[in-house]
Amino acid sequence: MKPRRGTLEMDVASAAETGVFFLFAAITLGGALGLIFAQRVAHSMLSLIFCFMAVSGIFILLGAEFLAAIQILVYLASVGLVVLFGIMLTRRQILEEDFE
């Protein structure tokens, strides 16, 4: 049973949905800023993963569950894990030279 338009239940549901949207938007912006300003590559990758997760949350709020699933499967799982494994498997000497 959907709440009728103009009722208190509809106003509360609309306010909650707006609040969740702004929460996901703030996480997306925070992840993007963390990606830009992080000193280490691993930290910037984790920020990118948070950004991708928040974007998939926005897709779910918009009713595009398929796009959210594709966002999680393709970007979060594939790209994020490949880059993180690439960072972890890189020799330690190369990583230390980059930051000196």
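What to note about this one:
- FRET efficiency, 1/(1 + (r/R0)^6) with R0 35 Å, evaluated for residue 89 and residue 65 via beta carbons: 0.55
- Burial ordering of 78, 47, fewest other beta-carbon atoms within 10 Å first: 78, 47
- Estimated FRET transfer efficiency (residue 82, residue 18; beta-carbon r; R0 25 Å; 0.05): 0.10
- Net lengthening on full extension, residue 25/residue 42 (0.36 nm per residue, minus Cα-Cα): 3.9 nm
- If you plug the beta carbon distance of residue 74 and residue 32 into 1/(1 + (r/R0)^6) with R0 = 22 Å, you get a FRET efficiency near 0.75.
- The stretch 8-98: C-alpha gyration tensor shape, a/c 1.5 cut-off, then a/b vs b/c: oblate
- Cβ-based charge dipole, the stretch 8-98, positive-most Cα from 25, 68, 39: 39
Just so you know, all these numbers are worked out from the coordinates, no wet-lab data involved. The shown structure was predicted, so the numbers you read here are calculated from the model rather than taken from an experiment. Ideal geometry is used to build each Cβ from the backbone, glycine not excepted, and the neighbour counts take in all protein chains shown.
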